[in-house]
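Report on one structure; see the data block that follows.
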Amino acid sequence: MLGVLWLIPVLCLAGALLNLALGAAGARKGVVTIVGVGSVGAATLAAFVALWQYLHQPASVVVERYFTWISAGAFTIDASFQLDPLSAVMVSFVSFVGFLIHVYSIGYMHEETDAGYARYFAYLNLFMFSMLLLVLGSNLPVLFVGWEGVGLCSYLLIGYYYEKDWCAAAGKKAFIVNRIGDLGFLLAIFSTFAVFGTAEFTEIFPAAAAHPERYATAATFIGLLLFVGAIGKSAQIPLYVWLPDAMAGPTPVSALIHAATMVTAGVYMVVRCNVFYRISPTAMLVVAIIGGITAIFAATIGLVQNDIKKVLAYSTVSQLGYMFLGAGVGAFVAAIFHVVTHAFFKACLFLGSGSVIHACAGEQDMRQMGGLKRYMPTTYWTFLSATLAISGIPIFAGFFSKDEILAKAFAAGAGGLNGFGSLYYVLWFLGLAGALLTAFYMFRIVYMTFHGSFRGGEEAEHHLHESPPSMTLPLVILGVLSAIGGFAGFPGQLFGKTGLNWIEHFVHPVLLPIASEAHGVAAEAGHGEHAVSLGLEWLLVLVSVGIAALGIGIAYRFYKGPEAFARPRQLAERFSLAYKLLLNKYWVDEIYDALVIKPIYWFCLFCWRIIDVFIIDTVFVNGTAFLVELTGDLLRFLQTGNVRNYALSVALGILALAVILW
Amino acid sequence: MVTYVFLAAAAVAIVFAVLAVVPRNPMINVLSLVVMFFAMAAIFALLGMDFLAAIQIIVYSGAILVLFLFVIMLLNLRTVEPFGSGRPLQALLGVLVAAMIGGLVLALAALLHPELGGVLPGAEETGTALTIGRALVGSHLFVFEFISLLLVAAIVGAVYLTKKELR
Amino acid sequence: MWAELVVIGVKLAFVVAVLLTTVPIMVWVERRGSALIQDRLGPNRVGPFGLLQPVVDAVKLLTKENLIPAGVRLLPYLLAPAIALSVALSTFIAVPFGKDSGLELFGHAIDGFIVAPDLNIGVLYIFAIASLAVYSTVLAGWSSGNKYSLYGGIRASAQTISYELAMTIAVVGVLMSAGSLQLQHVVDAQSGVWLGFLPRWNVFTQLIGAITFIVASFAETNRVPFDLPEAESELVAGYHTEYSSMKFAAFFMSEYVHMTVSAALMTVLFFGGWNLPYIDVPFGGWAGALFSMAVFAAKVAFFLWFFVWVRWTLPRFRFDQLMALGWKVMMPLAVLNFLWVGVAMALGIF
Amino acid sequence: MSPAELVAIPYTWVLALSAVLFAIGTMGVLLRRNGIAIFLSLEIMLNSANLAFAAFAFRLAAGHGTAGEALAGQIFIFFVIAVAAAEAAVGLALYIALYRLKETIDVDRINILRW
């Protein structure tokens, strides 16, 4: 019935291959643009067609099987896609945002060489293919293929400027760190096969939901392993280190891969596997704790960074932390909701920053900016709307999603979810603090970049200019979306009308009902409204809004007006140690370097110098050769060159043989 | 009767084998080898292998040794080297080794129980030719074909080697 | 046992006598025939029609001085003519020359008018012996210590070897259709009628084979048009340049004996031996035997005349032409005949 | 296998003959310097080997084995002869090439192929 489902990724794949071919053939930018953007546009169209068809048919889950991918004895893996509320939401926004960013890339990358341009779009299309595969896959292996695919593309795109070795290094870092997570994911897949005998979502989740007690331990195990994978892909503590470096890639890439889509794959996966977490309190708690800590931790680092993209990167990390916090407190729908809104405003922010960097001729240090509002109004306004959204100002998208997560966290604390009530209170508080910091550093960006006077010097000031329409158009669309997109999840329960929360009702079927009510709280955590009274919820809303406003105010005091930059400097001097700590990102990279990388390096050095060079090369290889040469030198005297001697020796040999055999 | 014929043939064979090895004139070697092959053919015939006898004469005497004659005539060899000349050690060892190998087999022959041999019954008019032919294109077909391949290869190789351009 | 020996001895004597007497007759026929063809008289002084001429020639050869040139390698020089003659003579012992219907001689069965009746590799034997004819030429040419003789010897041997192949392969067809290596069976297989109207002679069933064989035997016997080894008129007279008197006579006789044997082989292999077309011999016993011998002799005589006829009709080939003919025409033709026989036997045509 | 008529020759005699011939041939190979002569001695050795085959085929034919076994010996001799023909052709061609190159086929003077 849904014929177009397979079309969505395959279109992108075709675009990618075609672009690779074009790049090899040395085609002009125009052709590449048509192919690259056109294919993704077509895919987006197909996605919306599929969505439309899906909405007009009863079944809540549609699985399309195409062919048997692996068949080994009893166990087979089909290449099959699944369309259910969750993947529907993901597909639609992934393809849409992806399309916008493709359009944006036309303007942003137009200075590249033809070959580079083609390469860029080929990778980008390939990424879209992998991401859609990931989202659509109806079993863990297919999902994993997409998972690895996006990893590969992120590596390729981070290292897009491979001439600069720090870019290449960043790409390698991302790839390697992701490997660690992928190991966990693989183990999870294997154990899933071991436990359930299959990896089809439509089979394992109902099975697990039907017998929660039987599968509790397995669920804990698998859930934790899956979460390891999610940590790697979604840049959570302790594996978040690759994401800030990933900013080495072109800004649209940062926007698409490292803000909007790929990094949220982990969240998607956790939500997809919500059943495991809901029947295993431990796993759930771990998810929540990691999420909460990451949220605050990354936010603190973001406070003092001066590279605009770095700040955005750390904010991404902390927002991802929020999403996991949501998942951890059982607000899976809220988490997905935040994924969507975050995709909107964070993409908008990155594209805006990209436009700014574009204007400042590649300058990324905010201290060299300022007063850009005059020169690039469109960018400014869209950026501002996105900033308000992320800061959680009402009406704007981010408010609804983030506030719902916080509310659910509080509700979990109040409801004593899985009996860890107090812990969830702490997490809620961390989230709140994170919100404050978020508001602060986001407005810090706004003020340092767009307000005040330009600090970049005259000649730089001359060619400040608004970006071309191909870049501003996506900005506008995303800005509007980040303004109004939140109404998809309007918290109707505040007004006693639950029906208003569209996304809640749409996605909720994904949360399969757990059979026995032993874990009733988990089931109930889907709708947290009974945990806390209506008044308390309103209070929470007001608190978070106030927090956000407070953050904005502080930012205003620090970076706007006459004594801008004075106060932060004083603070930095007073708490110089803390300042250094934050500025150097807690020296996490250095610690990892010392604890992990150096030992491995030394080990490799040992393998190289001792084992390879000495033992293998010297002793074995050259030693053998030397031995052969020596024997040759000795034996060559037998080679008289006289045939008759040879014949004689042959005869002697025959004689000896005969005597022996006698 | 048969026994005497055999002994005579054997004697001829041995004598002419020696003549084929010892004299320094290659022509004499070849000619005596012809005679020796005739003796061999006679022995084959005595052992009831008449087909082999014919083949022996046709192939060896009629073809191979003629080839030798050609080469000897064409190269018109002047090398008159006394038997076993040069390298006395080589010569001594050679004689010893050869004698010992022959002695071993002789000893073997002496140890074995001297049973009388027999003639393979063949069709009246074809003798063993028919049976051998059947076996060649029957159970031994592959080797037969392979031998023909080998001969073709040999011909090509010989033609190539003796081309003037080779040098 | 002794009786057997006697029988064999008688046969042998008979055969040798016939063969040797054929030689002078053939000499006379050759000379008169050439005269006839070239429209001259030929020898007509000694005896009626010069019939005694060969005898005189023989006397001359016998009484000539037997000189041995300087620088010849004596042993092979003397060996060569002997080899030639003995080879030519000894091929005949496997050739049957008459129909045997269980006759007796000295109260003992003569089983077949053939010297070696139970030589069951018949034709193979003939080829084995014939393949030795090369030695006579090679040795003669080489031992004469004369480069023209050497060239002649090499020419002759090369020619002999080349055409031997074609000859053998051509005969293989006959042996296949007869299913035997022995010539008496080959002859028996040729009695009767083929396709209803042709005599079942191999010349009809395997025409290509017959032609190949005849041409090849011309080359084997060093007769025109293939007489390069002794082309005295344009090349120096081949491998027996240095031979004179009786040694030369030996070569000479061997050639004619060879001719006779070839004629007999043609008769036996391709022209039905002593079989007459359509009619089989009317009376048995000695009469029948003699009659069959007469038929056989008549055919042989015809082929001998055919040799002479061709010799004085055709010009001589050049050596390269000869080789080309032998390898590029005769061999393929022979193989073609071989294939044809195989196919025909598979299809049951004969 | 139908009862074969015996021949009044012990097969060991044939074997002994082959031994003697083999020894002679070996001596020739080891002691002659003329390449052609060496080749001839080689042929003698081949023939003696053939004779050994013949000896045992002879014995098998006398009822000590199946007809197939007895025949195998003769067929092997046939193959040996064929191989000998091929070998003679190639070997003599080699000698001719060699003679063109070095004006001799004295194997003691063809010894440049060494260290």
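The values are calculated or read from the model by the stated rules, or taken from the named source; none is laboratory data. The model shown is predicted, which means the values in this text are computed figures rather than measured ones. Every residue, glycine among them, receives a Cβ derived from its backbone with ideal geometry; neighbour counts consider all protein chains shown.
Things to note:
- Filter result (touching a residue at least 60 places away in the same chain (Cβ under 8 Å) and among the polar types (S, T, N, Q)) within region C:264-288: C:Asn275
- The listed residues are A:Gly392, A:Gly370, A:Gly419, A:Gly398, and the only one of them that is in contact with an Asp or Glu (Cβ under 7 Å, 6 or more places away or on another chain) and modelled with pLDDT under 90 turns out to be A:Gly392.
- Among the residues of region C:282-292, not a single one is of a type in the set (A, V, I, L, M), under 22 Å from C:Ala88 (Cα atoms) and in a helix (DSSP H, G or I).
- Residue that is farthest from the other protein chains (Cβ to nearest Cβ) [pool: residues in region B:20-60 that are among the polar types (S, T, N, Q) and part of a helix (DSSP H, G or I)]: B:Ser32
- For region C:143-256, the helices (runs of 4 or more DSSP H) that sit wholly inside it and include 3 or more residues that are among the hydroxyl-bearing types (Ser, Thr, Tyr) and at pLDDT 85 or above are C:147-178.
- Inside region A:9-49, residues that are more than 25 Å from the chain's Cα centre (by Cα) and closer than 22 Å to A:Ser87 by Cα make up a count of 1.
- Every condition in (1) at pLDDT below 90; (2) under 21 Å from the mean Cα position of the chain (by Cα); (3) within 29 Å of A:Leu648 (Cα to Cα) holds for B:Gln90 except the one numbered (2).
- Only residues that are within 7 Å of chain D (Cβ to nearest Cβ), among the small types (Gly, Ala, Ser) and in a helix (DSSP H, G or I) were counted across region B:84-115, and they come to 6.
- Residue check for A:Ala578: out of contact with any Asp or Glu (no Cβ under 8 Å at 6 or more places or on another chain) and within 30 Å of A:Val177 (Cβ to Cβ): yes
- Among the residues making up region C:116-134, those that are under 17 Å from B:Gln56 (Cβ atoms) and either part of a loop (DSSP other than H, G, I, E, B) or at the interface with chain B (Cβ under 7 Å from one of its Cβ atoms) (or both) are C:Leu119, C:Asn120, C:Ile121, C:Leu124, C:Tyr125, C:Phe127, C:Ala128, C:Ser131, C:Leu132, C:Val134.
- Taken as a whole, the structure leaves C:Leu290 outside the set of residues that are within 24 Å of C:Glu164 (Cβ to Cβ) and either in contact with a Cys (Cβ under 6 Å, 6 or more places away or on another chain) or not charged (D, E, K, R) (or both).
Yes or no, residue by residue, for (1) within 21 Å of A:Leu303 (Cβ to Cβ); (2) touching a strand residue (DSSP E or B) at 6+ places or on another chain (Cβ under 7 Å); (3) in a helix (DSSP H, G or I):
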residue	(1), (2), (3)
A:Arg367	yes, no, yes
A:Lys373	no, no, yes
A:Thr382	no, no, yes
A:Pro394	no, no, no
A:Gly398	yes, no, yes
A:Ser401	no, no, yes
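- Those helices (runs of 4 or more DSSP H) of region A:536-606 in which at least 1 residues are aromatic (Phe, Trp, Tyr) and farther than 26 Å from A:Thr387 by Cα, considering only elements entirely within it, cover A:588-592, A:598-606.
- Test: residue in region A:641-657 that is outside any helix (DSSP H, G or I), free of Cβ contacts under 8 Å to residues at least 24 places away in the same chain, more than 30 Å from A:Asp245 (Cα to Cα) and within 14 Å of another protein chain (Cβ to nearest Cβ): yes
- If you filter region B:137-167 down to residues that are touching a Phe, Trp or Tyr at 6+ places or on another chain (Cβ under 8 Å) and of a type in the set (Val, Ile, Thr), you find that the one that is nearest to the other protein chains (Cβ to nearest Cβ) is B:Ile147.
- Within region A:232-261, the only residue that satisfies the criterion of being under 17 Å from A:Thr300 (Cα atoms) and polar (S, T, N, Q) is A:Gln236.
- Here B:Asn29 meets the list (1) touching a residue at least 24 places away in the same chain (Cβ under 8 Å); (2) in contact with a Pro (Cβ under 7 Å, 6 or more places away or on another chain); (3) buried (at least 22 other Cβ atoms within 10 Å of the Cβ) almost entirely, failing just condition (1).
- The set of residues in region C:46-74 that are touching a residue at least 24 places away in the same chain (Cβ under 8 Å) and more than 16 Å from C:Asn146 (Cβ to Cβ) comprises C:Gln53, C:Pro54, C:Val55, C:Asp57, C:Ala58, C:Leu61, C:Leu62, C:Lys64, C:Glu65, C:Asn66.
- In region A:546-566, the residue that is farthest from A:Met369 (Cα to Cα) out of those that are modelled with pLDDT of 85 or more and among the hydrophobic types (A, V, I, L, M, F, W, C) is A:Ile547.
- Some residue of region C:39-46 being touching a Pro at 6+ places or on another chain (Cβ under 7 Å) and under 19 Å from C:Trp309 (Cα atoms): no
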